[in-house]
2 protein chains.
Amino acid sequence: MNATTELKIFCPATIANISCGFDVLGVALESVGDEMLIRKVEQKGIRITKLTGQNLPTETHLNVAGVAGLALLADSNYEGGFEIEMYKKIKAGSGIGSSAASSTGAVWAMNELLGRPFSKTELVKFAMEGERLASGVAHADNVAPALFGGFTLVRSYDPLDIVPIPSPKQLWATVIHPQIEVRTSDSRKILKTNITLADGIKQWGNLGGLVAGLFTEDYSLIGRSLVDHIVEPIRSILIPGFDKVKSVSMDAGALGCGISGSGPSIFAFSKGEENALHVARAMKDVYRKIGIDYDVHVSKVNSTGVHKI
Amino acid sequence: MNATTELKIFCPATIANISCGFDVLGVALESVGDEMLIRKVEQKGIRITKLTGQNLPTETHLNVAGVAGLALLADSNYEGGFEIEMYKKIKAGSGIGSSAASSTGAVWAMNELLGRPFSKTELVKFAMEGERLASGVAHADNVAPALFGGFTLVRSYDPLDIVPIPSPKQLWATVIHPQIEVRTSDSRKILKTNITLADGIKQWGNLGGLVAGLFTEDYSLIGRSLVDHIVEPIRSILIPGFDKVKSVSMDAGALGCGISGSGPSIFAFSKGEENALHVARAMKDVYRKIGIDYDVHVSKVNSTGVHKI
């Protein structure tokens, strides 16, 4: 076995549905993520040969990495196959892109091992098949930042158009995962089909402000723009303690705070590590008092996406 | 009379409601606009002493520049007054910010003559009173680019938050004004109060792409993002020939094309002057064939806003 036949990789956790960027804006984290080993083998097809850290199916067609890999193979003229070892650290269902990390990691490494026949946008499409298995919908909002790193905007699905957005150097994320189950399908179901035009205008005004703030490293503008008048008021009902976590995070100096993905994780952005740690302490206090177990992650915003380790 | 008691200024025309940036994104033009002369006088109050080019009221409280000026005076401790001469070149009701040019010009010049006691955001608020007189609604989407220059995003009205966005160097606008009347109040009335969440997501995805494209001078991304699924399909019904103008503009090489303000003017953006002129010829052909008179403007995107001449 040499370096050209297997790759060990880091697959970042991601925050999608960033406040006003519902369904379009995501970001990758630097120090939270899975590890995977992808091995090029002669035997056709994809096999999950190892899976630790989470209780997830290892049958190829029931595993998001397997399904994403099969989508890539179907578009490739490669005659062999791949073995996948998954070392999960991101909890499934936590709302920080556990399935996207697996499916993105798989197709990124396979593309590397095959000599990069596919573009990044094509890889996003393959990985989206993993998302379809996980949630019933082929979303790109976790997959895109997991692959590109930094912030990514999914401008359009048809055709798929991913726009990388820069990450300000001192931007840190705090994510708290209360140990309750919120199914993606439930949190989709409670969304309303219609919104008011007035709320829509506020939302695209804030999204424009957020993108401008990311380009200009204007932390105050980023903070002012991290507002969601549409989805957060509805979905936050499913997350006990949300309002309290948000208010203590803002009091602790966060730039903004919202639901990560479809929850139940809650993210906050801060300027600098110290503020992010301060926010983490404030968030923990809330769930300690309520009596709900939690995980907390404090991470710089990542700028590289999935990468070799 | 010396330089400190009167100012002659250029007040740019502006395009508001730029496609996906409905109600939030506007841009100033470099070579289309009014001229004004503002004179500081001892006599209290505001007087419109001259008005050429358009048939508009000269009574202070019925003139947008007068009303905007009164709003500034009301917040100032200045004991004297101002005289205003208006040399209108932008037709009222054309959809390229005729009233905003007048009200913005007035308050900008007054602020200069008083030694800049007010911030730009405060000036926007005063000028918005002129917009309230003109259309019944105190909008900032023409006033902000007329004052700041370039593209501006009105991220929020409460509190008022204007975000300047850079203008790519080779971005040119073509604007055609068919000589038909579309009242702002009518074109507001036909808008729907509700939109689908799905359309909203497309809109803020495109707005994010447009802002990113303006920052990165990515003309292709700007073009791909100049899409409006919400307002254009409804309002364009009021503008005869709109669909044809749009299709010939795109065929002629425009990056994107949409309704300027609440119409009836139609704008297109192009990369470079030559393309913008080519688009102008294609647009003219449409209205010549239909038999509707028109004005056409071809202008670089302006980056300075209202300024001394």
Legend entry - Pairs, first assigned by TED's automatic domain parsing to the domain that holds A:Ala134 and of a type in the set (A, V, I, L, M, F, W, C) in the range A:177-193, second exposed (fewer than 13 other Cβ atoms within 10 Å of the Cβ) and assigned to a loop (DSSP other than H, G, I, E, B), C-beta under 6 Å, six or more apart: none
Legend entry - Which numbered condition B:Ile222 fails, given (1) at the interface with chain A (Cβ under 10 Å from one of its Cβ atoms); (2) under 29 Å from A:Asp161 (Cβ atoms); (3) not basic (Lys, Arg): (1)
Inset, instruction - Those residues that are in contact with a Leu (Cβ under 8 Å, 6 or more places away or on another chain) and on the phi > 0 side of the Ramachandran plot, I need them from the range B:257-299; list them, please. - result: B:Gly263
Legend entry - Output for the range B:285-303, where each listed residue is in contact with a strand residue (DSSP E or B) (Cβ under 6 Å, 6 or more places away or on another chain) and not hydroxyl-bearing (Ser, Thr, Tyr): B:Ile292, B:Asp295, B:Val296, B:His297, B:Val298, B:Lys300, B:Val301, B:Asn302
Legend entry - Every residue from the range B:197-221 that is more than 23 Å from A:Ile230 (Cα to Cα) and in contact with a Phe, Trp or Tyr (Cβ under 7 Å, 6 or more places away or on another chain): B:Leu214, B:Phe215
Legend entry - The lone exception for A:Val143 - which of (1) over 13 Å from A:Gly305 (Cβ atoms); (2) away from chain B (no Cβ under 14 Å) it fails: (1)
Inset, instruction - Would you list the strands (runs of 3 or more DSSP E) that sit entirely within the range A:152-204 and hold 3 or more residues that are under 25 Å from B:Glu217 (Cα atoms), touching a strand residue (DSSP E or B) at 6+ places or on another chain (Cβ under 6 Å) and within 11 Å of chain B (Cβ to nearest Cβ)? - result: A:160-165
Inset, instruction - Tell me, please, whether a residue that is at pLDDT below 95 and either buried (at least 20 other Cβ atoms within 10 Å of the Cβ) or touching a strand residue (DSSP E or B) at 6+ places or on another chain (Cβ under 8 Å) (or both) can be found in the range B:252-261. - result: yes
Inset, instruction - Pull up the range A:202-229, narrow it to residues that are among the aliphatic types (A, V, I, L, M) and buried (at least 23 other Cβ atoms within 10 Å of the Cβ), then point me to the one that is farthest from B:Val24 (Cα to Cα). - result: A:Leu214
Inset, instruction - Could you please find all residues in the range A:228-271 being assigned to a loop (DSSP other than H, G, I, E, B) and not aliphatic (A, V, I, L, M)? - result: A:Asp228, A:His229, A:Pro240, A:Gly241, A:Gly253, A:Ser260, A:Gly261, A:Ser262, A:Gly263, A:Pro264, A:Ser265
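The values are calculated or read from the model by the stated rules, or taken from the named source; none is laboratory data. Quantities reported herein were computed from a predicted structural model and do not represent experimental measurements. Glycine also receives a Cβ, built like all others from the backbone with ideal geometry; neighbour counts cover every protein chain displayed.
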